[in-house]
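Just below is one structure, and these are the notes that go with it.
We did not get these values from a lab; they are worked out from the coordinates using the rules stated. It should be emphasised that the depicted structure is a prediction, and the values quoted were computed from it without experimental measurement. Please note: Cβ atoms are built from the backbone with ideal geometry, for glycine as well, and neighbour counts cover all protein chains shown.
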Amino acid sequence: MNNQLLLLINSWAGKNAFLDAIMIFCAQYLIFIVVLVAFACAGYLAYRREWRPAIYFLSTLILSFIILQLVALLKFDHRPFMDHHLTLLIQHASGSSFPSDHTTASTAVALGVLFFMPFKKTGWLLLLAACIIGFSRIFVGVHYPADIISGLLTGLIGGSIVSLVKLKIEPKKQTMTFPER
């Protein structure tokens, strides 16, 4: 299934110059916009001296990176262009492709904003951008679908663990409500 989905998605590459250009941009440069927007949000909160959301955000990034490194030790997959005849739209070094660094990083950044900052719409847009980054990495021929899914999960696991820690550190205040008469 992983190979068939890779070949299907990559079969669209090289057919339309405009689509190729968009996918190349998303695969290589969209991550910088995602990171810039997220750090602007964190910077705004730091400016307002709201340190906790920024700390949880950074913790999500650090923990997701650690998990990424551990997961990468478990499985070694060649880059898809090493195993298949693909339309390769960007140059990439050979080596392991599991999990996707770009997808892990952009997902962790997006979930750090979504889970811990008041900018929920921005967080959802960044998460959409993370998915687009992942898809484009398959499109251009440098990742398998499983690499992208594992990158999404790695970022999600990092964000979820930090969320659980936050709940232990800062339990929500229980308010007592009385039924109306």
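Listing for the model above:
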read-out	value
Chymotrypsin sites (Phe, Trp or Tyr not before Pro) restricted to the range 35-107 and DSSP loop, no more than 12 other C-beta within 10 Å	Phe76
Gain in span if fully extended, Tyr29 to Ala17, counting 0.36 nm per residue against the direct Cα distance	2.6 nm
Estimated FRET transfer efficiency when R0 is 22 angstrom, pair Leu70-Ile169 (beta carbons, to 0.05)	0.40
Over the chain: helical MRE at 222 nm, DSSP H runs n ≥ 4 each giving -39500 (n - 2.57), nearest 500	-23500 deg cm²/dmol
Which labelled figure in (i) 15.0, 46; (ii) 18.9, 72; (iii) 20.6, 54 is Rg and Dmax of the Cα atoms in Å, once derived from the coordinates	(ii)
Inter-site label distance for Ile90 and Leu58 at 7 Å from Cα along Cβ, in nm	2.8 nm
Sorted by Cβ neighbour density within 10 Å, fewest at the top, the residues Ser163, Ser150	Ser163, Ser150
Length added when fully stretched, Leu8-Tyr44, from 0.36 nm per residue minus Cα-Cα	8.8 nm
